[in-house]
1. Have a look at B:Thr27, B:Thr89, B:Thr40 and point out the one that is out of contact with any His (no Cβ under 9 Å at 6 or more places or on another chain) and open to solvent by 10 Å² or more (accessible area, probe 1.4 Å).
2. Give the residue that is farthest from B:Gly73 (Cα to Cα), with candidates limited to residues of region B:6-50 that are touching a Cys at 6+ places or on another chain (Cβ under 9 Å) and of a type in the set (Ser, Thr, Tyr).
3. Restricting to region A:8-22, give me the number of residues that are more than 7 Å from chain B (Cβ to nearest Cβ), surrounded by 16 or more Cβ atoms within 10 Å (Cβ to Cβ) and in contact with a Ser or Thr (Cβ under 9 Å, 6 or more places away or on another chain).
4. Kindly list the number of the only condition in (1) under 19 Å from B:Ser132 (Cα atoms); (2) open to solvent by 10 Å² or more (accessible area, probe 1.4 Å); (3) away from chain A (no Cβ under 14 Å) that fails for B:Asp216.
5. Could you look through region A:50-69, keep only residues that are surrounded by 10 or more Cβ atoms within 10 Å (Cβ to Cβ) and modelled with pLDDT of 80 or more, and pick out the one that is farthest from the other protein chains (Cβ to nearest Cβ)?
6. Could you say which residue among A:Leu5, A:Leu41 is buried (at least 16 other Cβ atoms within 10 Å of the Cβ), at pLDDT 95 or above, farther than 23 Å from B:Leu326 by Cβ and out of contact with any strand residue (DSSP E or B) (no Cβ under 8 Å at 6 or more places or on another chain)?
7. Quick check on region B:386-396. Is at least one of its residues crowded, with 24+ Cβ neighbours inside 10 Å and facing chain A (nearest Cβ under 7 Å)?
8. If you take the residues in region B:335-365 that are facing chain A (nearest Cβ under 8 Å) and buried (at least 24 other Cβ atoms within 10 Å of the Cβ), which one is farthest from B:Thr135 (Cα to Cα)?
Amino acid sequence: MSVDLATVKRVARLARIAVSEEDANRMVGELNGIIDFVEQLSEVDVTGVEPMTSVTPMDMRKRQDAVTDGDKADDIVANAPVTDRNFFLVPKVVE
Amino acid sequence: MTELTSLTIAEAREKLGTKEITAVELTKAYVDAIDAFNGTFNAYITTTPEKAMEMAKASDERRASGKVGALEGIPLGIKDLFATEGVHTQAASHILDGFKPKYESTVTQNLWDDGAVMLGKLNMDEFAMGSSNETSFYGPVINPWKAEGSNQQLVPGGSSGGSAAAVAAHLCAGATATDTGGSIRQPAAFTGTVGIKPTYGRCSRWGTVAFASSLDQAGPIARDVRDAAIMLKSMASVDKKDTTSVDLPIPDYEAALGQSVKGMKIGIPKEYRVDNMPEEIEALWQQGIAFLKDAGAEIVDITLPHTKYALPAYYIVAPAEASSNLARYDGVRYGLRVDGKDIADMYEKTRAAGFGTEVKRRIMIGTYVLSAGYYDAYYLQAQKVRTLIKRDFELAFHAGVDAILTPATPSSAFGIADENLAADPVAMYLNDIFTVTVNMAGLPGIAVPAGLDKKGLPLGLQLIGKPFEEETLFRTAYVIEQAAGKFTPAKWW
């Protein structure tokens, strides 16, 4: 499989990264280099092999579904670029 | 009197304990050294001298009142990936511009609880993506080591390049670091320092900026094996805030030093003898084998047949997880925002301006391998191969091997702005060829300096252990250190 310019632009759009024509052209070569490199995985026989989901065999720690934290609205918005009365402000989404 | 900054953590602990020195004096010595020399190395992104002096003063007061933590009064550098309350935390990225968290990471909190002093935040590859510390928004870090008779600036390795350089140049007593594919062990090897990536789950990931969540682990970079053992004991904890933090007691790692390796079985995997490996690396490996044999260990040849697939599998799994983790940087909740004509345009422009080239490249790869139609061929296949890589290690350990000895890196430190590496991302990725298997299998791995190459640059060996058997690694690495000695760069700065 190889990546063409249209694919690079589509993936950039999915990743929400604006790319110039020049960036996209450069990325075609770079991404193909990496894809070629990872392609060798297809030669591994994985018949009957389960995909890894957890690197250590352990049960996920669980806790009661109860509120343990909160009342930190000021802290949560403290680092946001634009806020108003503890809301994050974004460009208008709904007309 | 010896320079205070030349003391190891263990030596400083001793002198602080006998009141020969104070935490204030020790910290001041580091603050002055950073003032004088950080410009040369670019190891720190932000320094916090006032906070450091306050913490040192408080430490001396605690000591006077009889309360002495395991790292009481020890000045440390913190990789910029760890959230530090009210202090610059940007993963060396432009996209987290101005971010000062309102919380403290578990690992750093553990250090402060044990009495340590923070000197500042250390440079790194952006979001820990890199093997040379050249992808940082804050510019490259310079390795304190130079080849004999050469003035060329070398990289300290990455991604924990600031941590490794600061430790080697004595700009901190020890440093925190993180390792996703080799980011502790490779820079440790390039700077003649000791770095350990513990077993996945040993150190809490809470409050550490995420790169690839199933691979990321924190660990120390230190001047010697003992210091690394002291630091890891404080960094590790059982943390309810991280569901992958493992519920096992933390041993006294330092107690393992000096224990005999007699009768231990050390595996030598033939697959780590890669094409074009410099003779010096092979010689170093043989030297390490001889050190352990002399100490009474039994050397056995082993096979880890899926080794060559670890790096390609890593370059699917890690970017896939990164593309998901880094989706949060959208110009809304923190960091940089670049305005656009609508919300999607704002996202795209913010991310285009905020992420560097290597980070964008990995997000793109990750997005591609997870996209409709490719998931099975790439991501699922890589996760299956990962199962096989882990199984290779399990079979070796099951056959009685206690630890595995390999080179840490395929070369010594290379030059800043190396043209061949800049032109070929995959060539740079090959730096992690010996270290990445360990992350894929969640195992502990330590890099310990074992010699110098012909150019006078440090080379490291890696020991790989069974899950949660870091003690075995410290014990064995200590034997290598005792035999090989320690390596300090000539002070040209």
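1. The unique qualifying residue is B:Thr40.
2. Only one residue tops the list, namely B:Tyr44.
3. Matching residues across region A:8-22 total 0.
4. The one condition B:Asp216 does not meet is (3).
5. Once the filter is applied, the top-ranked residue is A:Ser54.
6. Answer to the check: A:Leu41.
7. The answer is yes; a qualifying residue exists.
8. Per the stated criteria, the residue is B:Tyr347.
The values are calculated or read from the model by the stated rules, or taken from the named source; none is laboratory data. Computed from a prediction, not measured in an experiment: that's the story for all the values here. Reconstructed Cβ throughout: ideal geometry from the backbone, glycine too, with neighbour counts over all protein chains shown. Quick note on the areas: whole protein, heavy atoms, side chains included, nothing else; ligands and nucleic acids left out. Shrake-Rupley method; radii C 1.70, N 1.55, O 1.52, S 1.80 Å.
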